[in-house]
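Below: the structure, in structure tokens.
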Amino acid sequence: MMIRNLLMSVMLMSAYGCAGTSINDKGAQDSGASAKQCLASQPKNAHMWINSMPSPDSSGRAPLRVTFTVTTPTPGYQFALEVDQVKESFPEQVVLDLIVSRPDGIVAQVITETDVNIKLDDFPGSVGSSVQINCAGKSFLKVNEVMAVY
């Protein structure tokens with residue numbers, strides 16, 4: 001009787017532990033809901049500007065500099081920006097995607113405020129453009145008018 005109850009408990013626990021999880025292409029377990037969640041949250045202190053200072057290696061378009069602070073689950077996350085779309089108007093409305101990469105190796109499991117500083121070469125907008133940054137398909141932060149810095 002006791003063995004039967006023990007076996008029943010083990011079966012229920014193993015079935016419950018597998019519910020709602022899947023194995024991603026890297027072998028790590030993800031819940032279905034977290035697959036589309038942004039790994040960074042609570043953006044604040046956002047600043048964007050176009051570096052209009054001429055340089056010898058200039059390829060024509062001025063780079064966009066973006067700085068902000070976010071909250072991440074652990075330290076060591078890496079950030080990058082990719083152009084998603086440019087809505088043709090004057091000034092342009094540029095939509096960027098924030099690419100958030102998890103840290104490699106073992107890191108402390110502590111919620112961390114992270115300062116992000118990204119340079120996007122060949123920014124398709126101009127001075128006065130509005131820039132929206134999306135993360136995991138959702139609006140993350142927006143600046144209505146990008147300034148130029150000389």
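Read-outs: derived from the displayed coordinates by stated rules, not from any lab. Only a predicted model underlies this, so the values are computations on that prediction, with no experimental measurement involved.
If amide H atoms are built 1.01 Å from N in the plane of the peptide, which residues on other chains or at least 5 residues away come under 5 Å of the amide H of Trp49?
Answer set, sorted by chain and number: Arg65.
Give me the extension gain from Met147 to Lys44: residue separation times 0.36 nm, minus the current Cα-Cα distance, reported in nm with one decimal.
Values: separation 103, 0.36 × 103 = 37.08 nm, distance 1.81 nm.
Here the answer is 35.3 nm.
Using Cα positions and a limit of under 29 Å, work out the lysines in reach of Lys87, with same-chain residues fewer than 8 apart set aside.
Correct list for Lys87: Lys36, Lys44, Lys119, Lys138, Lys142.
What are the residues whose amide H is under 5 Å from the amide H of Asp84, where those residues sit 5 or more places off or on another chain and H is modelled from the backbone?
Those qualifying (amide H under 5 Å, at least 5 residues apart or on another chain) are Val95, Leu96, Asp97.
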